[in-house]
Amino acid sequence: MRAVIDTILSDFQQRELPALVRRDVPFPEMEGKAAVVTGMRRAGKTWFCYQRIVGLLASGVDKTQVLYLNFEDDRFIDFTVRDFQTLLDVFYARWPENKSRRCYFFFDEIQTVDMWERFVRRLLDTENVSVALTGSSSKMLATDIATGLRGRTKVRELFPYSFREFLAATDTFSVVPEHPGSRDAAKLSHALAEYLKAGGFPETLRLDPDERREIVQGYVESVLFKDVVERHKVSNVLALRHLIAAVLGAPGQVFSVNKFFNTLKSKGIPCTKNALYEYLGHLEDAHFLHRLPFHSQSVRVRQVNPEKVYGNDTALHGLLLSGEGRGIGALLETAVFLHLRRCRLSLSYLHTKDGHEIDFVATDEATGLTRLIQVCADLSDSETLAREVRPFAALPPDVSDAEKLIVTLDETRDFANGIRALPAWRFLLEHM
């Protein structure tokens, strides 16, 4: 293993770092704590680390002070927790001057090494280093952190590109105008339509639709087999595939395990309800999907009401949705949900006492600001407009004073009772 480590260190020192699209989120740094970046495969975690490394080099840090390792490199297949000491020995033997200066260690997909947290804890306690970790499993990292690094980490969930990042990555706008005129607004509206269909996976943005679809389908297969089947020893792949198809085909819909269980049963596909709950948990653990709970001040009411489910990027839903007609509304709702998640807000969906639904209750826990948000692609039809506005008339007391918003594709309007409609391209550029 010593020779392997030596070779990998040399490879990194000789490698040119790639040109980067700067991510719109800060790197999770804090003195004395390990930075932890979690997210779905291919969301950009590695390049997020590269962005931090580029910043360090620009500030005067020598590249020999930087150690980057990806533990999904096949050369690390036999790496164990005992080899971490060999890693330190090789690193400091090659550059002994680093013992007396600050060094920066980046460990990609570290959860593949059992008991990694014990080494990181020792590293933080005994060496003059800054440590950054990435992983595609939120629960495995969280479990390890809770046992070995409690209170010693700062965590950031990384998503595929936001709309603002998409604009930069596609050279639509290097700097988005704060107050766009009609020409820029039209340009932003056109870019939004492409963003909803293309999604935000960095690798796919400059591909034609057929190539992009093939690559995104490959991401689904990677999550299916690497993050669920292999990691959690799942054998019922057929039921898992049907579950993924059901989730991707109906973003933002209430998902009932009982109903889905009956659907599988009618197709002659064996699977237990408990297994389906586990599969949903595994997919959420891999950052493939996110669940939206029912809004209630009662824990019991939240628990007995089903959750809504969204994929981690509109491109995932685009495998089953056309992006036209009703499909564009589903993709738009997903994009709004993911934007709210990126803003790290507390989210739920609401049923009013009259039985109408509000898509999102979004609360900033730091400020107490709450927004009630409906998503509708087109309000030109009077019946559609009435359906979207109606739920705001019978709000429960805890959200009666919240800001009321309808996110559309292009429309800006003010309605009675403080209800406001604004175009999604503007909403997705907001920093809440």
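For region 180-204, which residues satisfy the criterion of being closer than 22 Å to LEU340 by Cα and either part of a loop (DSSP other than H, G, I, E, B) or in contact with a His (Cβ under 8 Å, 6 or more places away or on another chain) (or both)?
GLY199, GLY200, PHE201
Out of (1) more than 21 Å from ASP410 (Cα to Cα); (2) in the same structural domain as PHE337 (by TED's automatic domain parsing); (3) small (Gly, Ala, Ser), what's the single condition that is false for ALA185?
In the conditions (1) more than 21 Å from ASP410 (Cα to Cα); (2) in the same structural domain as PHE337 (by TED's automatic domain parsing); (3) small (Gly, Ala, Ser), ALA185 misses (1) alone.
Name the residues in region 63-77 that are surrounded by fewer than 18 Cβ atoms within 10 Å (Cβ to Cβ) and under 13 Å from VAL90 (Cα atoms), would you?
Within region 63-77, just THR64 meets the criteria.
Can you name the condition, by its number, that LEU395 falls short on among (1) at pLDDT below 95; (2) assigned to a strand (DSSP E or B)?
Single failed check for LEU395: (2).
In this structure, is LEU248 under 19 Å from THR38 (Cα atoms), of a type outside the set (Ser, Thr, Tyr) and either under 25 Å from the mean Cα position of the chain (by Cα) or surrounded by 13 or more Cβ atoms within 10 Å (Cβ to Cβ) (or both)?
So LEU248 fails the test.
A quick yes/no check of all residues on (1) assigned to a helix (DSSP H, G or I); (2) surrounded by 18 or more Cβ atoms within 10 Å (Cβ to Cβ); (3) on the phi > 0 side of the Ramachandran plot; (4) in contact with a Phe, Trp or Tyr (Cβ under 8 Å, 6 or more places away or on another chain):
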position	(1), (2), (3), (4)
ARG206	no, no, no, no
ASP210	yes, no, no, no
VAL223	yes, yes, no, yes
ARG241	yes, no, no, no
PHE260	yes, yes, no, no
LEU283	yes, yes, no, no
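When the residues of region 17-31 are filtered to those that are exposed (fewer than 10 other Cβ atoms within 10 Å of the Cβ) and within 26 Å of ASN128 (Cα to Cα), which remaining residue is modelled with the lowest pLDDT?
GLU31
May I ask you to say which residue of SER266, SER222, SER182 is under 21 Å from TYR310 (Cα atoms) and of a type in the set (S, T, N, Q)?
So the residue among SER266, SER222, SER182 that is under 21 Å from TYR310 (Cα atoms) and of a type in the set (S, T, N, Q) is SER222.
Just to check your reading of the model, which residue among LEU57, LEU9 is over 28 Å from LEU429 (Cβ atoms), buried (at least 16 other Cβ atoms within 10 Å of the Cβ) and at pLDDT 90 or above?
LEU9
Restricting to region 60-83, what's the tally of residues that are polar (S, T, N, Q) and outside any helix (DSSP H, G or I)?
Looking only at region 60-83, we keep the residues that are polar (S, T, N, Q), and these are 64-65, 70, 80.
Retained after the next criterion (residues that are outside any helix (DSSP H, G or I)): 70, 80.
Here the count works out to 2.
Pick from VAL304, VAL309: which is farther than 20 Å from PHE166 by Cβ, at pLDDT 95 or above and either in the same structural domain as LEU379 (by TED's automatic domain parsing) or under 20 Å from the mean Cα position of the chain (by Cα) (or both)?
So the residue among VAL304, VAL309 that is farther than 20 Å from PHE166 by Cβ, at pLDDT 95 or above and either in the same structural domain as LEU379 (by TED's automatic domain parsing) or under 20 Å from the mean Cα position of the chain (by Cα) (or both) is VAL309.
Might you let me know whether region 102-120 holds any residue that is of a type outside the set (Asp, Glu), part of a helix (DSSP H, G or I) and either over 31 Å from the mean Cα position of the chain (by Cα) or within 16 Å of ASP6 (Cα to Cα) (or both)?
Within region 102-120 (the criterion being of a type outside the set (Asp, Glu), part of a helix (DSSP H, G or I) and either over 31 Å from the mean Cα position of the chain (by Cα) or within 16 Å of ASP6 (Cα to Cα) (or both)), the answer is no, since none of the residues qualifies.
Please find, within region 303-343, the residue that is surrounded by the fewest Cβ atoms within 10 Å (Cβ to Cβ) out of those that are among the basic types (Lys, Arg) and outside any strand (DSSP E or B).
ARG326
The values are calculated or read from the model by the stated rules, or taken from the named source; none is laboratory data. Being a predicted model, the structure only gives us computed values, none of them experimental. Every residue, glycine among them, receives a Cβ derived from its backbone with ideal geometry; neighbour counts consider all protein chains shown.
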